[in-house]
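Remarks on the structure that follows.
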Amino acid sequence: MKKTFKALCAGAILGVASMLPAQAANFTLVNLDPPGIGFNDPAPATPVGGNPGTTVGQQRIIAYSRALQLWGSVLKSDVQIIVLGSFSPLTCTATGGTLAQAGAYNGELNFPGAAVANTIYPEALANSLAGFDLYTGDPASPDGAFIDGADIIAFFNGNIGTPGCIEGSTWYYGLDSNAPAAKTDFLNVFMHELSHGLGFANWVNEQTGARAGGLNDIYMTFQKDIATGKLWSQMTAAEIRAAAIRDGQEVWVGPNVTARAPGILDRVKLLTITAPAAVAGQYDFLGGASFGSVPTSAAFTGDVVAGVPVDGCAPLSNAVAGKVAIVRRGTCGFAVKALNAQLAGAKAVIIANNVAGTGPVGMGGTDPNVTIPAISVGTNDGNNLIAAGTSASAGFQPHPTRIAGLASDGHLRLYAPTVVALGSTASHWDVVAEPSLLMEPFNTPLLEASHNVDLTLALFEDIGWKTEISLAGCGAGSGSRGASLTGEIYAAPIFVCSDTAATKGDFQSCTVQHLSSLRNAGLISGATKGTLGVCAANGK
Ligand SMILES: [Zn+2]
């Protein structure tokens, strides 16, 4: 089976702007952009965050290549993984739009090494399991044999920050996961998108319940619906349609994610209201909005005052200065409400959901002018707090046992909003996970994919990926994992050595020091340390 993108034309293989001898483990980027655009944009740029590129196009290639290096240093495959990339414009408006879209380019089934029969595997994973390239291309294809044999395709929106396209935001191409508030961290976004292409996605249409080609895919064999107790691979199309919107009831049952999640996720924090007595108690809330600052307990301690107007769609006219404002979802965007609370002097804002019987809602939208933190609460809780007029909050208190992101059955929740978001539903973790995970549907500034992929790797292992630490094309880590159980990528500090060392000698001593610390911690063998050291010594 093959998904085609016939409109695309062949591009050149990009050089890799790294000091290591080649990018790790078999990833190859194919640049689809025409001259002067996207990856080839000649506009001057100032080196930033470890990215030494001096044009916009160079910085894009360097950041893109870093993501390929990071995944390449973790995942084991003897088969080259070909990634088609473009930075051409994507659909957007002044206030929102598509940052990026990516996925597997092809799928395979019933190949040598497939663990489950009659089930689609994404091409890169299928190749790694088979040990050879299952689809090298069709010479008769009009779009060229080379692209036909591609494994992953990833588009990024080169227009963001220009008039009419997510204005006020721009890409940050630093390699240090340290984007300023108004910028979108490209490395984090690409690490996320590449994960979809490597297998973090099902092949189901949740609006119709239809399977791709009528077949199960490997991802859906680990998706379970708590309400019916069925795996998605066991459901009819009608059952899939119903399950896809059962918010809070769709979970991932793979053993690696389930075992590691409690060690990575925090206990649930609850908003604690102390007065008046009628509303005192602990309230579920959701942080992680894609705008504003990070919600802290201190910011949400003090008086909570219902805004006027209560929808927050105009600057609040009542006395909320220095207080926490609460407004209701609807009519205008979340970021608009937050800005209107901020303009009236509020130090923080609570946005109450407005869909009957539902809990807190994940809040998307961007506005770099919003600097106060925002959280959401459920509809009933919000109505009660708004009806109280003014209440007193003691900030956030942890629940003694509940873990943020796990369902009642102990499995990690998948994103299943009450209206299907095609492309997002089920192929992401739920937004209730704390801390925010790389594979939640909204980008947040807290991610640090330059060195940590949290539970993403555990899911890859569940669907069949083997992992090992490897560098620069020498798959050196036999018996060694590519990352810690908390998702820390072992090779990441070596890439930083490459960014910062002034000489080859500095690079080698930086690398040896890091490998020794891994060895001393018992995370790699002496043999692996030796082999990786030789790889690194050939670099720079
Ligand atoms: Zn995604």
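The values are calculated or read from the model by the stated rules, or taken from the named source; none is laboratory data. Keep in mind it's a predicted model, so treat the numbers as computed, not measured. Neighbour counts run over all protein chains shown; Cβ positions are idealised from the backbone, glycine included. Each accessible area value is taken on the protein alone, full model and side chains, heavy atoms only, with ligands, DNA and RNA left out. Shrake-Rupley method; radii C 1.70, N 1.55, O 1.52, S 1.80 Å.
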Quick one: angle between helix 186-198 and the longest Cα principal axis of the chain, in degrees between 0 and 90, rounded to 10, please.
-> 70
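Taking N as the number of residues in region 226-352, what value does Rg over Cα atoms divided by 2.2 N^0.38 Å take? Don't jump to the answer; show the numbers that get you there.
Numbers: Rg = 19.2 Å, N = 127, 2.2 N^0.38 = 13.9 Å.
In units of the globular-protein estimate, region 226-352 measures up at 1.39.
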In degrees, nearest 10, the alpha-carbon axis of helix 334-343 is tilted away from the dominant principal axis of the alpha carbons of the chain by 60
What 222 nm value per residue comes from the helices of the chain, counting each DSSP H run with n ≥ 4 as -39,500 (n - 2.57) and dividing by all residues, nearest 500 deg cm²/dmol?
-> -7000 deg cm²/dmol
Note, Ile245: beta-carbon cut-off 14 Å, +1 each Lys/Arg, -1 each Asp/Glu, net -3
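Summarise the long-distance tail of P(r) for region 398-508 by giving the % of C-alpha pairs beyond 26 Å.
On the way: 2094 of 6105 pairs.
I get 34 percent for the Cα pairs in region 398-508 exceeding 26 Å.
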Against the longest alpha carbon principal axis of the chain, how many degrees, from 0 to 90 and to the nearest 10, is the axis of helix 56-72 turned?
-> 80
Measuring with a 1.4 Å probe in the full set of protein chains, what accessible area per residue, in whole Å², belongs to region 358-451?
-> 36
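Excluding ligands, DNA and RNA, what is the solvent-accessible area per residue of region 76-204 at a probe of 1.4 Å, expressed in Å²? Working shown, then result.
Numbers: 4320 Å² over 129 residues.
In whole numbers, region 76-204 has 34 Å² accessible per residue.
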For q = 0.07, 0.10 Å⁻¹, what log10 I(q)/I(0) does the chain give under the Debye formula with an equal point scatterer on each alpha carbon and no solvent?
-> -0.41, -0.85
At what distance in angstrom do the alpha carbon centres of region 367-388 and region 174-243 lie from each other?
-> 29
All other residues with a Cβ under 13 Å from the Cβ of Tyr415 taken together, and with Lys, Arg as +1 and Asp, Glu as -1, what is their net charge?
-> -3
Of the listed links Lys466/Lys529; Lys183/Lys323; Lys466/Lys504; Lys504/Lys529; Lys269/Lys323; Lys183/Lys269, those spanning more than 26 angstrom between alpha carbons are Lys183/Lys323; Lys466/Lys504; Lys183/Lys269
Around Gly322, what is the net charge, scoring Lys/Arg as +1 and Asp/Glu as -1 over all other residues with Cβ under 9 Å from its Cβ?
-> +1
What's the carbon and sulfur percent of region 224-264's accessible surface, probe 1.4 angstrom, rounded to a whole number?
-> 53
Region 73-117, Cα convex hull volume normalised per residue, Å³ | 164
Say each of Thr500 and Thr208 gets a label point 7 Å from the Cα, pointing the same way as Cα to Cβ; how far apart are those two points in nm?
-> 5.2
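Residue separation times 0.36 nm, minus the C-alpha to C-alpha distance between Asp266 and Asn380: what's the value? It would help to have the intermediate numbers written out before the result.
Working: separation 114, 0.36 × 114 = 41.04 nm, distance 2.50 nm.
Going from the current span to full extension adds 38.5 nm.
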When the Cα atoms of region 277-322 are enclosed in a convex hull and the volume is divided per residue, what value in Å³ results?
-> 132
Of the accessible area of region 295-358, with the probe set at 1.4 angstrom, what percent is carbon plus sulfur?
-> 62
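How large, in percent, is the carbon and sulfur part of the accessible surface of region 43-137 at a probe radius of 1.4 Å?
Numbers: 1800 of 3240 Å².
The nonpolar share, carbon plus sulfur, comes to 55 percent.
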Which aspartates and glutamates does Lys230 reach when only Cα atoms under 17 Å apart count, and residues fewer than 8 places away in its own chain are ignored?
-> Glu206, Asp217, Glu239, Asp247, Glu250, Asp409
